[in-house]
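Worksheet: the structure to be examined is printed underneath.
Every number in this text was worked out from the coordinates using simple rules, so none of it is lab data. Every value quoted in this text rests on a predicted model; they were computed, and no experiment measured them. Neighbour counts run over all protein chains shown; Cβ positions are idealised from the backbone, glycine included.
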């Protein structure tokens, strides 16, 4: 019997909702509508909350699916990248800030896929979780405030800093994980 590509459960519906909110966010930011920033900030906040809820629900209810494992991080990246690119195009965020964040996300995602092919799966670290929280807060406040006050600018620089630190932490963890997997294979404990 074929398994459905999109098993309908609450976590998967929330992930799909987050993906569907991405174009709404972009239109709210880039469209010249009255109160577009307020709408965009609300959409971004709602999408970010669904990210926190869907993983918790999936683990608690045992509703972890292949769709969720693949699409949850894609939805997260789409949301962040769409917001960053839109804010850069509006000249409300420096391009280098967006590029540091996007480059880190791309590098980690690609290396995570490659590591999975070798049987190495790294759980999200404390740094990765902190990075997500600070990035989401920084993006939300850049959307909500135009022009941005000094404290929002400082939050953006904090997001860039923690993005870099979490990336370095991830790559050291990945290197350690790959070395341990290679040692297990060499010892015959882990099939290649």
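List of remarks:
- Nearest-ten-degree value, helix 36-61 long axis tilted from longest Cα axis of the chain: 20
- Centroid-to-centroid separation of segment 13-51 and segment 139-164 [C-alpha atoms, Å]: 18
- Highest-MSF residue in the chain out of 92, 175, 18 [GNM, Cα springs under 10 Å]: 175
- Estimated from helices alone, the mean residue ellipticity of the chain at 222 nm is -27500 deg cm²/dmol (sum of -39500 (n - 2.57) over DSSP H runs with n ≥ 4, per residue).
- Over the chain, the pair-distance histogram of Cα-Cα distances with 10 Å bins from zero comes to 8, 31, 33, 19, 6, 2, 0 percent, rounded to whole numbers.
- The peptide list 24-32, 117-125, put in order of mean Cβ contacts within 10 Å with the highest first, becomes 24-32, 117-125.
- Structural descriptor for the chain: relative contact order 22 percent, calculated from alpha carbon pairs under 8 angstrom and at least 6 residues apart.
- Estimated FRET transfer efficiency (residue 61, residue 137; beta-carbon r; R0 30 Å; 0.05): 0.60
- Against the chain, whose longest principal axis comes from its Cα atoms, helix 10-30 is set at around 40 degrees.
- Helix 150-186 and the longest principal axis of the C-alpha atoms of the chain enclose an angle of approximately 10°.
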